[in-house]
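Undergrad: Sharing a structure below in structure tokens format, with a few things to ask.
The values are calculated or read from the model by the stated rules, or taken from the named source; none is laboratory data. This one's a predicted model, so the numbers in the text were calculated from it and none came from an experiment. When we count neighbours, we look across all protein chains shown, and the Cβ atoms used for this are built from the backbone with ideal geometry, even at glycine. All accessible areas refer to the heavy atoms of the entire protein, side chains included, with ligands and DNA or RNA removed. Shrake-Rupley method; radii C 1.70, N 1.55, O 1.52, S 1.80 Å.
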Amino acid sequence: MPRFYVTTPIYYVNDAPHIGHAYTTVIADAVARWHRLAGDDVFFLTGTDEHGLKVQRAADANGISPKEQADRTSERFKEAWRQLRVSNEDFIRTTEPRHHRAVQQLLQAVYDNGHITKGTYEGLYCVACEAYYAEADLVDGNCPIHGRPVELLEEENYFFALSRFEQPLLDWFAAHPDAIQPDAKRNEALGLIRQGLDDVSITRTSLSWGVPVPWDESHVFYVWYDALINYATAAGYADDPERFEQWWPAVNHLIGKDILRFHCVYWPALLLAAGLEPPRHVWVHGFLLVGGEKMSKTRLNQIAPADLVADFGVDGFRYHMLRDNAFGPDGDFSYEGMVARYNADLANNLGNLLSRVATVVDRKCGGVGAAPQPDSPLAGVAAEAYAAAEAAWGRVQPAEALEATWRLVREANAHLEANEPWKAEPGPAVDAVLGDALEVLRIVAVLASAAIPDACEELWRRIGLPGSPLDQRLPAAAAWGGYPGGVPVEKGAPLFPRITTA
Ligand code: MSP
């Protein structure tokens, strides 16, 4: 059975989940669900990034311990993902012992291979922040947060010899031309490497909220070098080497463009230094912008997924995250845009197809659905929709996959309008048109189930099918002719009630 390993970034626990986090997570979820439909053995990982100064500071501000801060906030992420039907197999927290073991083992291997050296780090330090600042970040030479003078400080640090990995990275990129997608992001990563790489400081002594350095316990690892390793931890790196062998390096990392450097330069280099292979796929997406700007705590423009779920439902929310932007470029989020797309695609197109079919089956066929015709003009449309959706999900382009699926929905509506079964006398002609439309609904319930699982389960039940679309297997389930006929079709309330904004 093919294996499919997909990850989201692990989210910082300094702050609550917002729709930017949900964007990556829902895409990863839909891709994971599509691969389960295809019969793959799927391992979908998400989690929380719990160490470092940012989390320590948030805890201080809340008057609680960093562990308490992490416990509370990771729970909020778990809750948000439960609400959004995120189907992750594992949820990793970097404070877990299994992760500490993996971080220490992997970085010890890098150390033993001679790629970590001791040195001094010199920088401009704000004592109030307990952080270094680059000259460019200062405001009139002072700390940008406290407005106080910074000090030139020296700290003993361990450095990762990143500079040695320029050529190995370039060789690896050349051998795996499709590893970083889209191409524009691959070129960006290549550009960073070609500019030249400096060694990087990977430990801290000014902070204790981190994973202790095994060969020198007065240091902890800098949070990023602990965080990246989560992907190896969860695959069994320290505790189950056999399992790790099975899942690594064929991983699919989904990330936002803000963390490209870490995932496409530092992480592959660190793995090479440990004697392991870099990740096989990194899929880099743009930002969801609000009013043209990145969401941030300070701008007060963060939107919680739950607020939108209240208006649009779980599937309305998921559909928008998946359908509105192409994966890659930035996209603007707007409430009005979300209402418009929900009404057009879900309430009108899909919702209407079901309610029209169910209404006419009720009136003309005694509520019993007919089987489709083998030579229906919609059969070819369905085959094309499946082929296009399959290719697009494989390229992590959910918007394209859904566009292809909705072409089938639109064609089925057009077919109904052309034949107007609601005007005809009951009989074989009406049965044929309705049977074909029911077959489209069955196929759409399978193809769209990766995106809108609850609605598809309900759709499946309404057209009288046993079991669940989630348990179907592709490609067989997309083949024309699966709807049995002779089963009860239920009208019920609208699947996606229209949203009116007054
Ligand atoms: N903890 C690090 C990641 C470590 S991974 C080993 C981190 N966390 S984060 O909480 O800041 O989340 C960053 C990720 O959230 C981004 O890379 C992106 O996937 C997602 N998003 C956060 N804001 C976003 C938008 N406004 N739009 C789209 N995705 C964004 O960085």
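Undergrad: List pairs: first in the stretch 194-216 and under 19 Å from Gly123 (Cα atoms), second assigned to a loop (DSSP other than H, G, I, E, B) and among the hydroxyl-bearing types (Ser, Thr, Tyr), Cβ under 8 Å, 6+ apart or cross-chain?
TA: That search, which allows pairs on different chains as well, returns Ser201/Tyr222; Ile202/Tyr222; Thr203/Tyr222; Arg204/Tyr222; Thr205/Ser218.
Undergrad: Another question, then. Can you name the residue in the stretch 148-182 that is in a loop (DSSP other than H, G, I, E, B) and over 25 Å from the mean Cα position of the chain (by Cα) and is also farthest from Ala109 (Cα to Cα) among such residues?
TA: Within the stretch 148-182, the match that is farthest from Ala109 (Cα to Cα) is Arg148.
Undergrad: Still on this structure: Considering each of Ala30, Ala22 in turn, give the residue that is in contact with a Pro (Cβ under 6 Å, 6 or more places away or on another chain), under 18 Å from Arg93 (Cα atoms), more than 8 Å from the ligand (Cβ to nearest atom) and assigned to a helix (DSSP H, G or I).
TA: One residue alone meets the criteria, Ala22.
Undergrad: Quick check on my filter: what residues within the stretch 382-405 are surrounded by 20 or more Cβ atoms within 10 Å (Cβ to Cβ) and not in a loop (DSSP other than H, G, I, E, B)?
TA: Ala382, Ala385, Tyr386, Ala389, Ala392, Trp393, Pro398, Ala401, Leu402, Ala404, Thr405
Undergrad: Which of the residues spanning the stretch 1-19 are near the ligand (Cβ under 8 Å from one of its atoms) and in a strand (DSSP E or B)?
TA: Answer for the stretch 1-19, where residues must be near the ligand (Cβ under 8 Å from one of its atoms) and in a strand (DSSP E or B): Tyr11, Tyr12.
Undergrad: Which pairs do you get when a residue that is over 23 Å from Ser355 (Cβ atoms), found in the stretch 456-479, comes within reach of a residue that is open to solvent by 10 Å² or more (accessible area, probe 1.4 Å), reach meaning Cβ atoms under 6 angstrom, with the pair 6+ apart or on two chains?
TA: Arg473/Gly39; Leu474/Ala38; Ala478/Tyr386
Undergrad: Go through the stretch 195-236 and count every residue that is of a type in the set (Ser, Thr, Tyr), more than 13 Å from the ligand (Cβ to nearest atom) and open to solvent by less than 30 Å² (accessible area, probe 1.4 Å).
TA: Qualifying residue count for the region: 2.
Undergrad: Out of (1) more than 23 Å from Ala128 (Cα to Cα); (2) within 14 Å of the ligand (Cβ to nearest atom), what's the single condition that is false for Leu53?
TA: So Leu53 meets the others, but not (1).
Undergrad: For the stretch 60-85, how many residues meet the condition of being under 24 Å from the mean Cα position of the chain (by Cα) and open to solvent by 20 Å² or more (accessible area, probe 1.4 Å)?
TA: So the answer is 9.
Undergrad: Also: Search the stretch 33-59 for residues being among the small types (Gly, Ala, Ser) and not in a loop (DSSP other than H, G, I, E, B), and hand back the single one that is surrounded by the most Cβ atoms within 10 Å (Cβ to Cβ).
TA: Ranking the qualifying residues of the stretch 33-59, first place goes to Gly47.
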